[in-house]
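Here's the structure, in structure tokens; my notes come after.
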Amino acid sequence: MRIPISSLSDGKNISTVTMIKGITKYWFHDDRIHVLDQDGQEHSQSLLFYPKLMAATDDERSTCEISRIGLHWRDLDEDMSFESFDDPEPTPLQRFFLTHRELKVTEFAKRAGINQNLLFDYINGFKRPSRERELFILEQIHSLGNSYLSVDF
């Protein structure tokens, strides 16, 4: 069921949110979590934004507490709101940085000459870069990769 946020808050935001009621089942497949609600509707989302849950064992994932607002894994200290099931799929830029956490975003931003807060906003989906900016970031990633390829011992 989708209901307006305005009926949940002060009425200033007119977007909608999926209200997932009565979770009857949840499971993991590849890099996604899936839930089945009492109406038989399946909802899923990427685990890329939840690195602890992505790396968790089946036993750790099985200790989920379901509340009226979302899912909670106490031992992992990880929370997932039902609202997050409405989030769009990660963009290629997000996917790159979320799967290469060995890269320090702040250092990459300095190397590329990009404001680090802006790059964090791109990665977390708060802002979307223009196509030109995406291509520039891709060039910087390729440049970094080429510098690694040129290493010789």
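When only Cα pairs under 8 Å and 6 or more residues apart are kept, what is the percent relative contact order across region 92-149?
This gives 30 percent for region 92-149.
Using Cα positions and a limit of under 19 Å, work out the aspartates and glutamates in reach of residue 110, with same-chain residues fewer than 8 apart set aside.
102, 121, 132, 134, 139
Over the chain, what is the mean sequence separation of C-alpha contacts under 8 Å (at least six apart), divided by residue count, expressed as relative contact order in percent?
RCO, the chain: 12 percent.
Using helices alone, I'd like the mean residue ellipticity at 222 nm for the chain: each DSSP H run of four-plus residues gives -39500 (n - 2.57), total over residue count, nearest 500.
-9500 deg cm²/dmol
Between residue 102 and residue 65, what's the calculated FRET efficiency when r is the beta-carbon distance and R0 is 41 Å? Round to 0.05.
Step by step, r from the Cβ atoms, then E = 0.85.
Please report the spacing between the Cα centers of region 129-149 and region 20-73 in Å, no decimals.
34
Among 135, 145, 93, which residue has its Cα furthest toward the positive end of the charge dipole of region 92-149, with +1 on Lys/Arg Cβ and -1 on Asp/Glu Cβ?
Result: 93.
Every number here is computed from the coordinates shown, using simple stated rules; none is lab data. Quantities reported herein were computed from a predicted structural model and do not represent experimental measurements. FYI the Cβ positions are ideal-geometry reconstructions off the backbone, even for glycines, and counts take in every protein chain you see.
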